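Encoded as structure tokens, the structure appears first; notes follow it.
The numbers here are math on the coordinates, done by the rules we state, and not lab data. Owing to the predicted nature of the structure, the values given are computational and were not obtained by experimental measurement.
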Amino acid sequence: GSQDLNHISDSMLSLKGYVPCEFSSKPRSLDVIDRCKIAELRQFLLYTGPLVLLNVVHRNIYNFLLQCIYCLMRVCAIIYNAYAHDLLVAFVSHFGKIYDNDMLVYNVHGLVHLSNNAAKYDNVSLFPFENFLGKFKLMVRKPSFA
């Protein structure tokens, strides 16, 4: 219920000081979930979510969540690259129907290339670069760079 949601929100906020600089944002309350970026949702799914949900959701659901995360990570591994590619293409092709075509942006299309990049490079995480993106945008928009 709402008490559980408050507990999750409080737990998320308590993690702020422990999130390393490689993440583009600090955990926020569930009150602003409608304004979360995909990087924040990914961070919740893979890192902070398992921590804050541990004593909130039923044990079976929590174990299922961990298994899903584990499977997701394995699917993204290079040995399952072709399968991961097929899943990403299917997700992108259905994205507009699920979330509305207005939400179908270039970043969503970029997901179909993720498996190819994983095969080509050892590390496909962009967290360090996402932190620099704001500084880069400011440099590009300066009048001296126009």
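Determine the shape class of the stretch 1-103: with a ≥ b ≥ c the square roots of the Cα gyration tensor eigenvalues, call it rounded for a/c under 1.5, and otherwise prolate if a/b is greater than b/c, oblate otherwise.
Because a/c hits 1.5 or more and a/b exceeds b/c, the stretch 1-103 counts as prolate.
Reachable lysines from K135, Cα under 20 Å, same-chain residues fewer than 8 places away excluded?
K26, K37
Each residue of the stretch 87-101 in order: what ³J(HN,Hα) in whole Hz does its phi give by Karplus 6.51 cos²θ - 1.76 cosθ + 1.60, θ = phi - 60°, with x for Gly and Pro?
Couplings: 5, 5, 5, 4, 4, 5, 5, 9, 4, x, 6, 7, 10, 4, 4 Hz.
Using only alpha carbon pairs under 8 Å that are at least six residues apart, calculate the relative contact order of the stretch 1-92 and give it in whole percent.
Computed over the stretch 1-92, the figure is 22 percent.
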